[in-house]
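Remarks on the structure that follows.
The values are calculated or read from the model by the stated rules, or taken from the named source; none is laboratory data. Keep in mind the model is a prediction, meaning the values are calculated, not measured. When we count neighbours, we look across all protein chains shown, and the Cβ atoms used for this are built from the backbone with ideal geometry, even at glycine.
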Amino acid sequence: MKNKLTISAILILLLLIPFTFSDRNDSITPQILSDSTVGFYQTSTCSISLIEFYLQNQNANIYFNSNDYADIKCFGKITGVDKVNNSYMVSIGTNTSINLLLQSSLWFIIFLLIPKNKTEKIFSIRFSLLIPILLITQYFGENRFYSKTNIIHSNDLSISNYYLFAVFIFYFLFCVVFYDVFKDRYLNLINYLPYVFLLVGTFSGMNLNIYLIIGSLFGIQSLVINKKFKMPDFIYFIFSIFWLINTNNNEFFFDGDKLRGFSNSSYNITSQIFWIVIFYLFIRGFLFLVKESKAYFDIEKFMKNSLIVSSLLILFGILGSQSPIINFFNFYIFGQNKRGMREFSSIAGNTWRGFSSSAESIGEFFAFTLLIFVYCLVSKKINVLNPYSLLLFPVLYGLYRANNFAAISSTSLILLIFFLINTNFYKVYRFYILSGIAAFSFISVISYLYLQDYEYLSTELVYEATLHQDFYGDPNSYKSFLQVEQKMQERDLNSILYNSENFQNASTSYRFLVDIFTQNFNIPFVPNVVAVISIISMLINRTEMWGIFIAKYSPNLLEAMFGSGPMQLNGYLYKHDVRLDVPKYKLEALFLPHSSILDILIFFGFFGLFITVGSILYLIMKNYNLGIFKILTIFMLVNLLKSDSILYINSLLFFLFCIMGLYYYENSDPNE
Amino acid sequence: MKDNLVLIENNCGLKPADQELIEIGSDPNFVFVNDPAFTTLRLFDVEGNIINVNSWIECAHYVNGGWLTTYNEGLSGNLLFLSIVILITSSYFVIRYFKFNKKSYEK
């Protein structure tokens, strides 16, 4: 307890001190912010600390903005003030290089709160020192990103480039601290995994996440300890060769947006090498962690931590929406990708934005927590009156406000099935119940297809994609739209592509789907695969998003087979020109595929998708027992079909944890 | 401002054809109108202070007054960062060394 108090005190001091520094000898003192003093703050930049300013201006309508491009000397100080509508935008200097030092220190101190293991295992530091070299390559590969976010960034390979030298030394220190902190804690880490949803871990101003570094350091440990390359390693190596062969010179640049910290911002050889290696080490490291922690995994502790994290998310989310300074510090302390919600209205408050970039991802987490709680209640017979049960209210509230219908409905269905199979009624009438459910599902599907018009359902996805292609190009965009609309009313896809200009403007995936959809042969009673996907997209309300995906996704043969590489979205986002049929204000928005299956297709191609999905399904089918990991894996799979959650590091970790839990903890043949 | 046109164009981009070179001087009542077509630029003064400009004429005005899009502070910024990193690293290793020695002694 004393130790925890000391750590908390150090944490608060470490956080607040950098934001209190200012020159006490100058004559500049903070003034009450008003229209007449905006000019004062604009001319006296880098002179007043955030805390000084806040003490003088606690009641003003302020939004604190972090200015990562500020100079080191401006860290923690006011670097500008602007009036936007009725509120004041106050920029706080948060230099990217100092962020790396300060946020790493804060987060390592937080990791010290994780209890130590009883036994120490062999843990090597030597090879971990390869990681600084790997991390430095990112500064070369993603030079464009760092040039925009760090005033002192330079990737010149010269002796006078003290910046790169300093970064290298710091990463070296990072590896040593990692060794010191985790060598006798790492077996306990898995029980604290839910905290990745609270401590998001993205460095401000950087395209890097602390879990990516920590995961890759565990990956190195895995390589040192196991010293074996297995089939998946060789497959990944072969894929890597194709990804590198397929990398051409281009000017693509993705600023990361809500994926910052876990997405390749450039598409060049160096950035590809960085992401290929770090992604491999990260995944390998996490699998190593799950495998090694088998004896230490405690489902009840995991459940309690999930409940605590869910409640803290709600608490800090609400506090951040009410107080601008807490909103700023939430962003900084927890390493959020985007700023938290500023108001608590129904739309802004929907997503617990900040703690999660995506409503789907956070909704899945709340639902995940609920599932684990119910599982422990039924299977582990925990007392429903234990104090942690109270934390279920914030979970339910969070799930409701996340507005994730898929998560809510799939959780309800899974819970219903789970309760049903635990009853004596099911055990006695199992055959009749399963037959009844199968018959009911079959009749429901047939009725839906009949009532909703099969022809419309089966063609809508391709027609949605047609709307977003740049067909019948004309300076008058309305004229183009009318031509496309006429073809759509005639339900005539082939003649659109007879036009050579349209053919050139169509994405390769669009051409491929139209080709499959309009083939001449027909097997009776077997629906066309495109029609099936179209019906599914209509059922789960993804027709527009998947239509946009088809319009934008234009891979060459290699990309289609092997993908473009891990976390590489540049080709998908910028390679193919489209004319999106969306409202004007949405034109500049980030259009992600809205399905993790499609994300895997972009990164790893058809072969990668086949291997990934095939392995997961094989694992699910192979395990007959309905354990918690099987339930969670099915839940995640259902939800990932319509969400981009694997693009977020915390959701990906949870998904991997479910699959690996199923493999290592519930596998009937663990020696396989 | 005409005398500094080359410097201004190097920092702010080419002067728009319809833009007049007006002398704003230090008129406190002058309000710069944001130009939506102009990409916001960040200018620095000799002390490293920062200002964002939202139109070509606003940018020209500040460049004429000595502000630039580049802040030639490189060496000291780099050195400062390196010094902080070396200080943190050496402090950590000193503490680590004594802690390790203490543990060995206790064993």
Of the criteria (1) of a type outside the set (K, R); (2) part of a loop (DSSP other than H, G, I, E, B); (3) more than 13 Å from chain B (Cβ to nearest Cβ), which one A:E52 fails: (2)
A:D470 being closer than 30 Å to A:I548 by Cα, outside any helix (DSSP H, G or I) and within 33 Å of the chain's Cα centre (by Cα): yes
What's the number of the condition A:L134 fails, among (1) within 23 Å of B:I88 (Cα to Cα); (2) within 12 Å of chain B (Cβ to nearest Cβ)? (2)
Run A:S87 past the list (1) away from chain B (no Cβ under 13 Å); (2) modelled with pLDDT of 90 or more and report the number of the one that doesn't hold. (2)
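Regarding A:L164, is this residue in a helix (DSSP H, G or I) and away from every other protein chain (no Cβ under 14 Å)?
Details: in a helix (DSSP H, G or I): yes; away from every other protein chain (no Cβ under 14 Å): no.
In short, no.
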Of all residues making up region A:60-80, the number that are in contact with a Gly (Cβ under 9 Å, 6 or more places away or on another chain) and more than 9 Å from chain B (Cβ to nearest Cβ): 7
For region A:21-65, give me the residue count where each residue is loosely packed, with under 15 Cβ neighbours inside 10 Å and closer than 19 Å to A:N99 by Cα. 0
Looking only at region A:381-428, which residues are within 22 Å of the chain's Cα centre (by Cα) and either of a type in the set (K, R) or over 14 Å from A:G363 (Cα atoms) (or both)? A:R401
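I'm checking my understanding of the structure. Among residues of region A:90-102 that are within 11 Å of chain B (Cβ to nearest Cβ) and more than 24 Å from the chain's Cα centre (by Cα), which one is nearest to A:I136 (Cα to Cα)? Talk me through it step by step, then tell me what you get.
First, the residues of region A:90-102 that are within 11 Å of chain B (Cβ to nearest Cβ): A:91, A:93, A:95-98, A:100-102.
Subsequent filtering for residues that are more than 24 Å from the chain's Cα centre (by Cα) retains A:91, A:93, A:95, A:98.
Numbers: A:S91: 29, A:G93: 24, A:N95: 18, A:I98: 16 Å.
Here the answer is A:I98.
Out of all the residues in region A:115-128, is one or more at pLDDT 90 or above and either in the same structural domain as A:V176 (by TED's automatic domain parsing) or in contact with a Pro (Cβ under 9 Å, 6 or more places away or on another chain) (or both)?
Filtering region A:115-128 down to residues at pLDDT 90 or above leaves A:115.
Within this subset, residues satisfying the condition of being either in the same structural domain as A:V176 (by TED's automatic domain parsing) or in contact with a Pro (Cβ under 9 Å, 6 or more places away or on another chain) (or both) are A:115.
Yes.
Given the criteria part of a strand (DSSP E or B) and either of a type outside the set (D, E, K, R) or under 24 Å from the mean Cα position of the chain (by Cα) (or both), does A:S105 qualify? Steps first, answer last, please.
Working: part of a strand (DSSP E or B): no; either of a type outside the set (D, E, K, R) or under 24 Å from the mean Cα position of the chain (by Cα) (or both): yes.
For A:S105, the condition - part of a strand (DSSP E or B) and either of a type outside the set (D, E, K, R) or under 24 Å from the mean Cα position of the chain (by Cα) (or both) - is not met.
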Select from region A:279-327 the residues that are within 19 Å of the chain's Cα centre (by Cα) and more than 30 Å from A:S91 (Cβ to Cβ) and list them in ascending order. A:F279, A:Y280, A:L281, A:F282, A:I283, A:R284, A:G285, A:F286, A:L287, A:S306, A:V309, A:S310
Which residue, of A:F53, A:F64, A:F40, A:F19, is within 31 Å of the chain's Cα centre (by Cα), under 21 Å from B:I51 (Cβ atoms) and either not basic (K, R) or not assigned by TED's automatic domain parsing to the domain that holds A:L112 (or both)? A:F64
For region A:169-196, which positions are more than 9 Å from chain B (Cβ to nearest Cβ) and aromatic (F, W, Y)? A:Y171, A:F174, A:F178, A:Y179, A:F182, A:Y186, A:Y192, A:Y195
Does region A:146-160 contain at least one residue that is among the aliphatic types (A, V, I, L, M), without any contact (Cβ under 8 Å) to a residue 24 or more places away in the chain, over 30 Å from A:T43 (Cα atoms) and within 12 Å of chain B (Cβ to nearest Cβ)? yes
Scan region A:594-610 and report the pairs whose first residue is assigned by TED's automatic domain parsing to the domain that holds A:A359 and whose second residue is outside any helix (DSSP H, G or I) and surrounded by fewer than 23 Cβ atoms within 10 Å (Cβ to Cβ), with Cβ atoms within less than 8 Å and a gap of 6+ or a chain change. none
Against the condition surrounded by 11 or more Cβ atoms within 10 Å (Cβ to Cβ), at pLDDT 85 or above, assigned to a helix (DSSP H, G or I) and of a type outside the set (F, W, Y), how does A:L449 come out, does it pass? no
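Within region A:542-557, track down each residue that is of a type outside the set (S, T, Y) and either in contact with a helix residue (DSSP H, G or I) (Cβ under 7 Å, 6 or more places away or on another chain) or in contact (Cβ under 8 Å) with a residue 40 or more places away in the chain (or both). Don't jump to the end; show me each part of the working.
Our first condition is that a residue be of a type outside the set (S, T, Y); within region A:542-557, this holds for A:542, A:544-552, A:555-557.
The answer is A:R542, A:E544, A:M545, A:W546, A:G547, A:I548, A:F549, A:I550, A:A551, A:K552, A:P555, A:N556.
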Only one of A:N625, A:N639, A:N650 that is in contact (Cβ under 8 Å) with a residue 12 or more places away in the chain and out of contact with any helix residue (DSSP H, G or I) (no Cβ under 9 Å at 6 or more places or on another chain): A:N625
In region A:41-57, anything at pLDDT 85 or above and more than 16 Å from A:I72 (Cα to Cα) is listed as A:Y41, A:I51, A:E52, A:F53, A:Y54, A:L55, A:Q56, A:N57
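Sort out for me the helices (runs of 4 or more DSSP H) sitting completely within region B:2-107 that have 1 or more residues that are surrounded by fewer than 15 Cβ atoms within 10 Å (Cβ to Cβ), more than 10 Å from chain A (Cβ to nearest Cβ) and at pLDDT 85 or above. Full working, then the answer.
Numbers: elements: B:5-12, B:56-64, B:74-106.
Filter on region B:2-107 gives B:74-106.
The rows are residues; the columns are (1) under 23 Å from B:G65 (Cβ atoms); (2) in contact (Cβ under 8 Å) with a residue 12 or more places away in the chain.
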{"site": "A:I48", "(1), (2)": "yes, yes"}
{"site": "A:Q58", "(1), (2)": "no, no"}
{"site": "A:S66", "(1), (2)": "no, yes"}
{"site": "A:I78", "(1), (2)": "yes, yes"}
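Among A:D180, A:D184, A:D156, which is farther than 24 Å from A:K227 by Cα, acidic (D, E) and surrounded by fewer than 22 Cβ atoms within 10 Å (Cβ to Cβ)? First the steps, then the outcome.
Details: A:D180 fails: farther than 24 Å from A:K227 by Cα; A:D184 fails: farther than 24 Å from A:K227 by Cα.
Going through A:D180, A:D184, A:D156 in turn, the sole match is A:D156.
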